[in-house]
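I have placed the structure first, in the form of structure tokens, so that the comments after it can refer back to it.
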Amino acid sequence: MTDMFLYRTDFPFSNKVINFKELNTKNQLDIEKINLYYPQSPDFYLDYHENFFKIIKECIENKEDFENLNIIEYILFCLKLRIVSIGNIIEFNMKSDREDVDHIKIKINLSDIMQNLINMSMNALEEYYIYDEKKEILITLGYPPIKSVGFFYENMLTDKHIGEKVLESLPFFIKNIKIKNDTIDFSEYSYVERLSMYDTFPVSLKDKVEKSLINCISKMGESDIFNIEYFKNQTFNFYNLFFIDFLRLFFSQNAKNVYEEIYILSNFHVNSEYVMNISPSERKIFISFIKAQQKTKESNDDTIANDMENQRNSRAVEDLAVEFGDIPPN
Amino acid sequence: MEDKNDNILNFDDALRALDAISEAFNVSVWIPSKKKEYLFKEIDAKQQKNMLSSAMNSSVYNTTFIKNLYDILNSNFLDKENLKDLKDFTVYDKFSIAIALKDKTSEETSVTFDEKDNVVKKISLKPIIERFKTFETPENQFLEFDNQNIKVKLEISVPTIGKELEYEEQIHKKEKKVDDIKNNEEIQQIISEAFIGETTKYIKNIYINDTDLNFQNVDFTKKIKLVEKLSSGILQKVLHTVSEWKSKIDTILTVSVEENGKTYTKVLNIDSLLFLN
């Protein structure tokens, strides 16, 4: 079967357009498997992210462009994929902090989170460009690429002070440098290479970059993309890789339910290979047909049974009336 | 902002381009001993990091900072035609350069005037830069002593940055950390060695009965052994001259602020912390 990448979405920072298809049942089960396999602990963030990324990449046509998105764009894409494939509302029960309530039900609209994330990332990075007209140098800043997740993971696990962690990460926030007609595309380079180039910056120039980026990182830390009381302490931050946990949460489904749906569809003669290739939303549609069909069938069965019962009751009344020399009722 | 006509650079060319552009971020520095200005490249991020690491160094000596600053002066000196002048720059010239380089990276510097009263103020380094233009580098002085028909003549001069580095490399080869000092005797020994060492740096030459001891061309280990043989009277005179010179340079480096009706003054230290405040 030829894959059809029917959806496309463009991104605010890289200006890239990504063609994609929905997540299918197999992808969803694969995500469930890694959700079950990797403990929800920072130590496993990188392993989890790498596998999750591999699964998500299966839905992309232009994979190379996708690999070059920044982390914010990657999260935006995952949210979009979640909305298209599963739906934009996510509901879950969380253990309550209150003594009188065991659990609270949380409902999140992923479209709102997408919008909040776009607004937050746009507002935080006020100064995209550091320009020195006299020296004809233009530095374009941007959010760290997906490829930098490994760096942020190592950085997170060190005992260094957060200030040091932030300063060490700054070369990943430089997108490119233009000197007259020459361009240095930072996305081409590893951390070590980026750092070697960053180290050559005159301090006055580096300070401007640093000031703008620290301002951006602080603003991100102050923003509340969830706007939900329960998550009020969860601010966006590259230094704790919180987004990995949240992607996990957004894509989390009960594997048993998914298998049950596959089983039901197979019982109704829907080809299992076909089921593995449809999206969770499509699967829900089939399941709803089956439920509706079953309901109709049950309803029909009830009518027949009632008719039979009615018929049985009528015969008994007639027999009784005749026995007492009366005329049976109509 | 990318142009289709832009030339995308490979890593080596990118480094070269960044290095070239960094030369445009320069500062003209007044060198008192030469009575003229020289062009220096602003310090870069790597050099600033090295300064940070020398500030974190717990050595009792200042060797790491001296080496770092010497390396910066060498690599950031842009007057390539006058490169030979660099080695003659004095330690006082170095102060002028350090202040100018710091001023270029930030307009204000945070100075702790009084730790007890917690008087910490941001000051401009511009007045110091201006004062350096009036600073007269001390001329070499000859101190003569006669004792029992032995005539000792010492030539005293402000050490050059090259001599200062030589001293650090030869004498403080083995790093001594603050934690390594076990008792008061060790502290006294360090102070005594520092005193002799500092004095030795200012002695350019020694003549005994007009015989040149070729002091300039021996290493610091031997120089110190020779200086230790000099009488305390001679050393006192050397120290007196050096102190006079130091007080002149301290006047240039003195800054003051008014706080709650009280004037606080401080002689700026030229060390790694200067580049981090």
Q) What is the fewest-to-most order of A:Arg98, A:Arg194 by other Cβ atoms lying within 10 Å of their Cβ? A) A:Arg98, A:Arg194
Q: Would you mind checking which residues have amide H under 5 Å from B:Lys34's amide H? H placed 1.01 Å from N; only 5 or more apart, or other chain.
A: none
Q | chain B: radius of gyration over Cα atoms, expressed as a fraction of 2.2 N^0.38 Å | A | 1.16
(Q) Output needed for segment A:7-253: three equivalent-ellipsoid semi-axes, defined as square roots of 5 times the C-alpha gyration tensor eigenvalues, in descending order, whole Å. (A) 33, 21, 17
**Q.** Sequence-separation-based contact order of chain A, relative, with Cα cut under 8 Å and 6+ spacing, percent
**A.** 19
Q) What FRET efficiency would be calculated for the residue pair A:Ser266, A:Lys291, taking the C-beta separation as r and a Förster radius of 22 Å, to the nearest 0.05? A) 0.90
Q) Cα convex hull of segment B:90-138: how many Å³ per residue? A) 92
**Q.** Sorted by Cβ density within 10 Å, fewest first, the residues B:Trp30, B:Trp245
**A.** B:Trp245, B:Trp30
Q.
If you fit an axis through the alpha-carbon atoms of helix A:45-57 and take the longest principal axis of the Cα set of chain A, what angle between them do you get, 0 to 90°, nearest 10?
A. 70
**Q.** Size descriptor, Kirkwood hydrodynamic radius, that averages inverse alpha-carbon separations across segment B:128-274, Å
**A.** 17.8
(Q) What distance in nm separates the two pseudo spin-label positions at B:Ser124 and A:Met276, each 7 Å out from Cα along the beta-carbon direction? (A) 7.5
Q: Give, in nm to one decimal, the length gained when the segment between A:Glu229 and A:Lys57 is fully stretched (0.36 nm per residue of separation minus the Cα-Cα distance).
A: 58.6 nm
Q. Using r as the Cβ-Cβ distance of B:Leu213 and B:Gln148, and R0 as 22 Å, what FRET efficiency do you calculate, to the nearest 0.05?
A. 0.75
Q.
Test of understanding: ordering B:Ser75, B:Ser232, A:Ser223 by Cβ neighbours within 10 Å, fewest first, what list do you get?
A. B:Ser232, B:Ser75, A:Ser223
Q.
Could you check the spin-label model distance between B:Asp19 and B:Lys229? Points 7 Å from the Cα along Cα→Cβ, value in nm.
A. 4.7
Q. What full-extension length gain, to one decimal in nm, is calculated for A:Asn215 and A:Phe44 as 0.36 nm per residue of separation minus the Cα-Cα distance?
A. 58.6 nm
**Q.** Shape call, the protein assembly as shown: gyration tensor on alpha carbons, a/c limit 1.5
**A.** prolate
Q. In deg cm²/dmol, rounded to 500, what helix-only [θ] at 222 nm does chain A give when every DSSP H run of at least 4 residues adds -39500 (n - 2.57) and the total is split over its residues?
A. -17500 deg cm²/dmol
Q. Other chains near A:132-142: what is the mean number of their Cβ atoms within 10 Å of each residue's Cβ?
A. 2
Q. Residue separation times 0.36 nm, minus the C-alpha to C-alpha distance between B:Glu108 and B:Leu78: what's the value?
A. 8.3 nm
Q.
Name the residue from A:Pro280, A:Asn116, A:Tyr191 whose Cα lies farthest towards the positive end of the charge dipole of chain A, charges +1 on Cβ of Lys and Arg and -1 on Cβ of Asp and Glu.
A. A:Tyr191
Q: Compute the distance in nm between two label points, each set 7 Å from the Cα along the Cα-to-Cβ direction, one at A:Glu127 and one at B:Asp85.
A: 3.5
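The numbers here are math on the coordinates, done by the rules we state, and not lab data. Since the structure is predicted, the reported quantities are computational estimates derived from the model, not experimental observations. Here the Cβ is made from the backbone with ideal geometry for all residues, glycine too, and neighbour counts use every protein chain on show.
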